[in-house]
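Following: one structure in structure tokens, then a few remarks.
The values are calculated or read from the model by the stated rules, or taken from the named source; none is laboratory data. Just so we're clear, the structure is a prediction, and the values are computed from it rather than from any experiment. Because the Cβ atoms are built from the backbone with ideal geometry, glycine has one as well, and the counts that use them run over all protein chains shown. Just so you know, the surface numbers come from the protein's heavy atoms only, side chains and all, with ligands and any DNA or RNA stripped out. Shrake-Rupley method; radii C 1.70, N 1.55, O 1.52, S 1.80 Å.
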Amino acid sequence: MFVDEIHRFNKAQQDAFLPHVESGLITLIGATTENPSFEVITPLLSRTRVLVLHQLTKDEIILVLKRALKVLKQTKRVSPKALDYLAELSDGDARVALGNLELALSFGEKVTPEVVKAAAQRRFPGYDKKGDSHCDVISAFIWSLRGSDSVAAAYYLARMIDAGEDPKFIARRMVIFASEDIGLAGNGALSLAVATFEAVERVGFPEATYNLFHCAIALARSQKSREITDLMYGAFALAHKYPNSPVPLHLRNAATKFMKDLGYAKDYKWQAGFKHDKGFLPEEIKDVL
């Protein structure tokens, strides 16, 4: 049984395949353009073999086109340069190449690169704002910022904008990046990222494109520091391990005389930079650090 776009089946529908796959009644072949680990239920995945189909190379696309022309007996109508251009426009998708070829053949007697260009119009990016492409490109964008490669960051940013990505999503990710990967190495980064988000909201596209590129290139060129991130995760680890450690008495506010008599705020001085002799952490945590 061949099921095209199997990710469109919900969990209950996919469950219905399980007993028949196990019994051997059917050999299930499912095709999907989505990530199967997200869209296909685990029990079904464990009973099947996942094969990843990659984009065709340019030479493979040309071979497919030549075979199609041979079947159609139209080989002489298409110039080698036109075939090359058709393959380039396809982005490794034979269906796109064959569709453009069919349209180009209907335009006139001789198919040239100019005819192909007129038939295919512009090449639209294969970008799903909720799928793998969305995740892959934003990941490459953030990692390029982290690696201080402003050219790569600008390239991935342009791809997202060109594909119609929500500019506020891009701006939000840069706000996060400013604290996560730059932090104390450049305290102005967060202000710039927040200002960019506000600019995107107030200005809108296409003019806000300047703001996004301004911020992305600045973040890429900034010094990087993971100190904030490391301290944050370290603090959460301590809080999870010692969630109920009592706050030391000398750090508790003495709101009444009775509390003061108990030792609340003992020896604490209200002055800038004051460091108490007993420190600021609960006793049981100081012993493990």
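Tabulated results
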{"read-out": "Normalised contact order of the chain, rounded percent, pairs of Cα under 8 Å and 6 or more residues apart", "value": "10 percent"}
{"read-out": "Charge dipole (debye, nearest 20) of the range 37-171; +1 at Cβ of Lys and Arg, -1 at Cβ of Asp and Glu", "value": "560 debye"}
{"read-out": "HN-Hα J in Hz across the range 29-41 - Karplus 6.51, -1.76, 1.60, θ = phi - 60°, x for Gly and Pro", "value": "10, x, 10, 8, 9, 9, 6, x, 5, 9, 9, 10, 5"}
{"read-out": "Solvent-accessible area per residue for the chain (1.4 angstrom probe, square angstrom)", "value": "66 Å²"}
{"read-out": "25 °C / 0.890 mPa s Stokes-Einstein diffusion coefficient of the range 144-270, Kirkwood radius on C-alpha pairs, µm²/s", "value": "141 µm²/s"}
{"read-out": "GNM flexibility winner over the chain from ILE170, ILE26, ILE161 (Cα, springs under 10 Å)", "value": "ILE26"}
{"read-out": "Rh (Kirkwood; distinct C-alpha pairs) - the chain, Å", "value": "25.2 Å"}
{"read-out": "Rounded to whole Hz, the Karplus (6.51, -1.76, 1.60) HN-Hα couplings of the range 18-25, x for glycine and proline", "value": "3, x, 7, 5, 5, 6, x, 4"}
{"read-out": "For GLY30, residues with placed amide H under 5 Å, excluding near neighbours", "value": "VAL3"}
{"read-out": "Furthest towards positive pole of dipole, LEU45, ALA163, VAL137, structure part the range 42-199, Cβ charges", "value": "LEU45"}
{"read-out": "Separation of alpha-carbon centers, the range 12-66 and the range 188-242, rounded to whole Å", "value": "39 Å"}
{"read-out": "Size of electric dipole in the range 239-281: Cβ of Lys, Arg +1 and of Asp, Glu -1, about Cα centre, debye, nearest 20", "value": "40 debye"}
{"read-out": "Table column - 3J(HN,Hα) (Hz), the range 150-162, Karplus curve with 6.51, -1.76, 1.60, x for Gly and Pro", "value": "5, 5, 5, 4, 5, 4, 5, 5, 4, 4, 5, 5, 4"}
{"read-out": "Over 26 Å between alpha carbons, listed pairs LYS66/LYS117; LYS58/LYS168; LYS76/LYS117; LYS58/LYS110", "value": "LYS58/LYS168"}
{"read-out": "Rounded percent of accessible protein surface that carbon and sulfur make up, the chain, 1.4 Å probe", "value": "57 percent"}
{"read-out": "Contact order normalised by residue count of the range 1-124, Cα under 8 Å, 6+ apart, percent", "value": "20 percent"}
{"read-out": "Listed peptides 63-69, 45-51 by packing density, highest first (mean Cβ within 10 Å)", "value": "63-69, 45-51"}
{"read-out": "Gyration tensor (alpha-carbon) shape descriptor, the range 1-148, a/c threshold 1.5", "value": "oblate"}
{"read-out": "Ranked packing of 3-14, 227-238, most packed first, by mean Cβ within 10 Å", "value": "3-14, 227-238"}
